[in-house]
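The values are calculated or read from the model by the stated rules, or taken from the named source; none is laboratory data. Every value quoted in this text rests on a predicted model; they were computed, and no experiment measured them. Every residue, glycine among them, receives a Cβ derived from its backbone with ideal geometry; neighbour counts consider all protein chains shown. For the accessible areas, the whole protein counts, side chains as well, though only heavy atoms, and no ligand, DNA or RNA atoms are used. Shrake-Rupley method; radii C 1.70, N 1.55, O 1.52, S 1.80 Å.
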Amino acid sequence: MNATAYGGGMALHPLRLLLPWLFALVATRDAAASDALTDALARSAANRSQLERALATVPGPQKRALEWLLPHAPTADLATLDGEFLLAHVDAAWSAWQSAPWKANVDEELFFDALLPYASVSESRELWLPKLREICLPLVAGESDPGRAAVRLNQQLFAKLKVRYSTERQRADQSPSESIASGLASCTGLSILLIDACRSIGVPARFVGVPLWIDRSGNHSWVEVWDGARWRFTGAAEPAGDALDEAWFTGRASAQSRDDPQHAIYAVTWRESPLDFPMVFDPRRPRARAVDVTDRYAGPTQPLPAGHSHLHVGLTGRDGRRVARELLLQDESGREVARGTTKDERFDANDYLALVVPRGQLLTAIVDGRPIGAFRFSEPTATANSTSTRVIPTVSWEIDASDVAGQLEEFLHDHELAEVAQQPFAYQPLSAEEVGPIALRLIESFDADLRARERASFDARIVEAGGVSMKFWYAVYGDKPARGRSLYLSLHGGGGAPPAVNDQQWENQKRLYRPDEGVYLAPRAPSDTWNLWHQGHIDPLFQKLIAQLILFEEVDPDRVYVMGYSAGGDGVYQLAPRLADHFAAAAMMAGHPNETRPDGLRNLPFTLHMGGKDDAYDRANIGRRWKQLLAELAAADPGGYPHEVVIHEGKGHWMDREDAVAVPWMAQHTRELRPTTIVWLQDDVTTPRFYWLANPAPAAGARVVAKRAGNEVVIESAVGVQRLAVRLDDSMADLSKPIRVRAGATADGALLFEGIVPRTIATLTRTLLERGDPRGLFSAEIVVDWPTERSR
């Protein structure tokens, strides 16, 4: 690197000064490797003797490979793989590496991570390497370039093996033998097969995928191969001519964003990484580690301004691990030259923050408002040994950065998730890039706890909350969409009657409706009172039930619906406005609202079906009044109160199933959990949270109207409220800039808060535990006191 550094840049120190540090680093690394191997043997449980036998007999040159592989293997594999399998695989992988014509361009670290592994993700473990090598070597005979070899394999292998893409495959993550035996595979299975084929001939390859395309059309998997200098991509069984980095999904991939974990692009890695690969093809399968590679698929770069160059920047903590921090570069006059967020261990080791900076100027690097170093550089000078690829200068500094994610991981090892928010590290500010992986880790902990505590009762079809139990029944219809199944909560009628009557109503409700897709669930009311479905115990029961269905039946949290008939319709009238942020839509059939009002339905699609002759309790006339009321609310609030009210004239309390059209009507809608406008009216049963607002002391009749736009939140009105919490995340506002919270609908409203709002583990944890909604986490929170005079 042609650079002069001040206050950083270790490469500029005399070598003799680095020798003690290098010796210490090697000693530390070897000790860590020994500890990791000891831990792996401990995790192997009863299978330990198999692993120890393999370690004792592995040939000398291959021993280091096996000693690396075992600590990085999944625990489930350590407990099941036999020593002969491991010895045979390591020997074959070692031979493939050593005999590859491009071996000089594949270092040991790359061999360990992308040639040595015996699996990509969660496929069945099998000794695929020798057989595939026998098939693949003739296909690439005479090829001396690893990228070209991978292209030739992709062009010929699938036709030779008679394997093609099909949705009729047995499972997504098939092993090579499973795909070859059936001749059918998903994009995941095809990718696994191509990766293993590449590795069999010594081409480093890895599994890549996106959990959800930016247009929400589904997920996809593909392959990255090492061309001798860098990672390149290709679609398995869909080569784009003779080139890498060309595929049908190239344009789509360039639009993805790592700001949202579900829209990021991940590559599987076997080295240590804080990220998991999102197993959207089957979340129940064992998880693999991953690195974020989204930035490498971004759109084309702009031409460099005159006198400027590319620069790569990295930051490390005192433990030597890379950290993500916002970094600012200033010139000698204090003018901002470039800004960006550095890459941490979630990214490839050679994946740096890329900036464009002026040449020849003295630049100062600033993190958290503090200068950490300075440097000046010019273009790299070509040498006789340089390649045609331009080398981008790289500079890195060490900073004092606490490993918040590491502290969380260590704490969760021995403590409950509920205790996290009480720890000091939970209040350390997080970067935007840290939030996603930490949120996923919290959700993983929540799911593990829920699985351990609730699986047995769920299988018995009983849910319990606050000392109240509720039985339920469900059936699953249709194919599961990529984002998960829909859930329909269907509430039976009956009410103040003997248990046998309500039992019969429950049986009727099981057969009353059938969605084309989704989980159709009919709960049995916990009581036999007239107000079956709108007592205080119902809310926590439904919250827990939804959380269980999300985990155990892969329900999409954004496609949960509530519906009910007769007394069940009474419940929908009540539950829909007060629990609106739980549902994507609601359908009320033949019920009575009692005292409830529709204010809270502002962001919840609501359909009402009533027989025109349903005169008991004046239900028909009340249905007509609600039709007019909802129309008036929608007209006064554009974009709010989506609804459809149908009065089935000539019908009585029983509508001869004409109301079943409500099911496909609801299915059109997806939950909006972060709307720009909220109308929150507390019922006689109160709730402490509604969308992105929370009230620590909810009172019946309290009413709040709040709006947000960009970095400003306006509480237009708040009656019966003393304190409010405003929850935010990076999808709602730019949290790197100040947030303003004002009281009143006009611009001169009282300023309740202005400032930077930190993202914290505490807020993520609390908002997860409130309801167990994996998409209902918020990372930042502002608590404001409402002016007393405004409460009247």
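Take every pair of alpha-carbon atoms less than 8 Å apart whose residues are at least six positions apart; their mean separation over the length of region 690-770 yields a relative contact order of 25 percent. Of the accessible area of region 482-548, computed with a 1.4 Å probe over protein heavy atoms only, carbon and sulfur atoms account for 50 percent.
Applying the Karplus relation 6.51 cos²θ - 1.76 cosθ + 1.60 with θ = phi - 60° to region 196-205 yields 3J(HN,Hα) values of 5, 5, 4, 4, 5, 10, x, 8, x, 8 Hz, where x marks Gly and Pro.
Within the straight-line cut-off of under 17 Å between alpha carbons, the aspartates and glutamates reachable from Lys103 are Asp91, Asp113, Glu143, Asp145, Asp227, sequence neighbours fewer than 8 places apart in one chain being disregarded.
In region 208-346, what percent of the accessible surface is made up of carbon and sulfur (1.4 Å probe, ligands and nucleic acids excluded)?
Values: 2830 of 5970 Å².
The nonpolar share, carbon plus sulfur, comes to 47 percent.
If we sort 458-464, 404-410 on the protection proxy, mean other Cβ atoms within 10 Å, highest first, what's the order?
Result, highest mean first: 404-410, 458-464.
A straight Cα-to-Cα reach below 20 Å connects Lys737 with the lysines Lys707, residues fewer than 8 places away in its own chain not being considered.
Here region 423-542 is treated as an ellipsoid with the same Cα gyration tensor; its semi-axes, largest first and in whole Å, are 35, 20, 13. Dividing the alpha-carbon radius of gyration of region 190-256 by the rule-of-thumb value 2.2 N^0.38 Å gives 1.11.
Considering helices alone, the calculated mean residue ellipticity of the chain at 222 nm is -9500 deg cm²/dmol, with DSSP H runs of length four and up weighted by -39500 (n - 2.57) and normalised per residue.
For region 688-792, a Kirkwood radius taken over Cα pairs fed into Stokes-Einstein (37 °C, viscosity 0.692 mPa s) yields D = 233 µm²/s.
Only one of (1) 20; (2) 24; (3) 17 was calculated from the structure for percent of Cα pairs over 51 Å apart, and its label is (2). For the peptides 92-103, 45-56, the ranking by packing is 92-103, 45-56, with the highest mean count of neighbouring Cβ atoms within 10 Å listed first.
Ignoring ligands, DNA and RNA, what accessible area per residue does the chain give at 1.4 Å, in Å²?
On the way: 33710 Å² over 792 residues.
So the chain comes to 43 Å² accessible per residue, rounded to a whole number.
Within a straight-line Cα-Cα reach of under 22 Å, Lys627 can be paired with the following lysines, leaving aside sequence neighbours fewer than 8 residues apart in one chain: Lys613, Lys651. Taking θ as phi - 60° and the Karplus parameters 6.51, -1.76 and 1.60, the scalar couplings of region 706-713 work out to 9, 9, 9, 8, x, 9, 10, 10 Hz in sequence order, x denoting glycine and proline.
The value of relative contact order for the chain, using C-alpha pairs under 8 Å at least six residues apart, is 7 percent.
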